[in-house]
Amino acid sequence: MKPPSIQDIARALNVSIGTVDRALHGRPGINPGTRARVLKKAEQLGYRPNLAARSLKLNRRVRIGVYFPRDIASFFDALRAGVKAGASAPLGASIELVFRNFARFDEGDVELLLADAREGFDGVLVAPGNPRHIAPALHSLAEQGVPVVCVASDAPRSERLASVAVDALTSGAIAAELFSRVIQKPGPLATITGELTTLDHAEKLRGFAANLALLAPHLSLLPAIESREQPETAYQQALDLLAREPRPLAIYISTANSIPVLR
């Protein structure tokens, strides 16, 4: 459905577009009662301001802070490239991206977001690590009126606007279904994941374990191995895993830190 517009609000209340505009943007020349009616109707209709169109009208750039980890470069560099491609698309507004890098999931992200609180970004993209740790920083941004979109993972109980990510639970469940079809003999399976405090990793493992128990009861699941997003650690963990007895029949890699494991 087409999103509601200022014209829709004006039509619903039988007032002028100028009245709605003054109410939504806190401008003078409107009585408090009318302002309250407009704001209530806007909420009822699910109205959201078009940031790009407003910035074009004001002839200014939209500044977006992009907060991604440095590790793992093979994954997050591609994600940065996608953000750049989106910003260069003909959206009708000039978008300035400010890339801010922290070490890895749940290491330096909260501190960086809080340190940049006065940057005056029009919006923020962030790959969240531990949802519980990052929620206060996202709350602070929301209080300032800065919309936040989570990318690659999510912080669902924060005040973020939206999340752009795979369905992690389904992703893990599909991996388990594939194993159930190709592995017929009984034995153990291993999982190498990232930090399980990150929602994407935890949900993939949850979906994998649940579907494996349902579809392949002849397969047992070894305790999950957290690579902590460090390539050297993941490589050594893979070596140690393959040296165990009994050796796992298969490995589910649910982290972008996959290259050292595959090696």
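The values are calculated or read from the model by the stated rules, or taken from the named source; none is laboratory data. Model, not experiment: these values are computed from the prediction. No Cβ is skipped: glycine too gets one built from the backbone with ideal geometry, and neighbour counts run over all protein chains shown. Areas reflect the complete protein model, heavy atoms only, side chains present, ligands, DNA and RNA absent. Shrake-Rupley method; radii C 1.70, N 1.55, O 1.52, S 1.80 Å.
Quick notes on this structure:
- Subset of segment 182-199 that is closer than 21 Å to Glu229 by Cα and of a type in the set (Gly, Ala, Ser) - its residue that is surrounded by the fewest Cβ atoms within 10 Å (Cβ to Cβ): Ala190
- Among the residues of segment 117-138, none is identified as modelled with pLDDT under 90 and closer than 17 Å to Arg104 by Cβ.
- Answer residue from segment 142-160, given it is in a loop (DSSP other than H, G, I, E, B) and among the small types (Gly, Ala, Ser) and is nearest to Pro49 (Cα to Cα) among those: Gly145
- Any helices (runs of 4 or more DSSP H) falling wholly within segment 1-45 and containing at least 1 residues that are touching a helix residue (DSSP H, G or I) at 6+ places or on another chain (Cβ under 7 Å), open to solvent by 50 Å² or more (accessible area, probe 1.4 Å) and not β-branched (Val, Ile, Thr): 6-13, 32-45
- Near pairs, Cβ below 7 angstrom, 6+ apart or cross-chain, from segment 139-152 (within 11 Å of Ala127 (Cβ to Cβ)) to any residue that is of a type outside the set (A, V, I, L, M, F, W, C) and surrounded by 19 or more Cβ atoms within 10 Å (Cβ to Cβ): Val149/Arg160; Cys150/Pro128; Cys150/Arg160; Ala152/Asp200
- Test result for Ala168, surrounded by 18 or more Cβ atoms within 10 Å (Cβ to Cβ) and in contact with a His (Cβ under 9 Å, 6 or more places away or on another chain): yes
- Within the set Phe75, Phe102, the sole residue that is of a type in the set (A, V, I, L, M, F, W, C) and open to solvent by 70 Å² or more (accessible area, probe 1.4 Å) turns out to be Phe75.
- Restricting attention to segment 90-141, the residues that are small (Gly, Ala, Ser), in a loop (DSSP other than H, G, I, E, B) and over 23 Å from Asp71 (Cα atoms) total 5.
- Among residues of segment 244-263, those that are under 16 Å from Gly172 (Cβ atoms) and under 27 Å from the mean Cα position of the chain (by Cα), counted: 7
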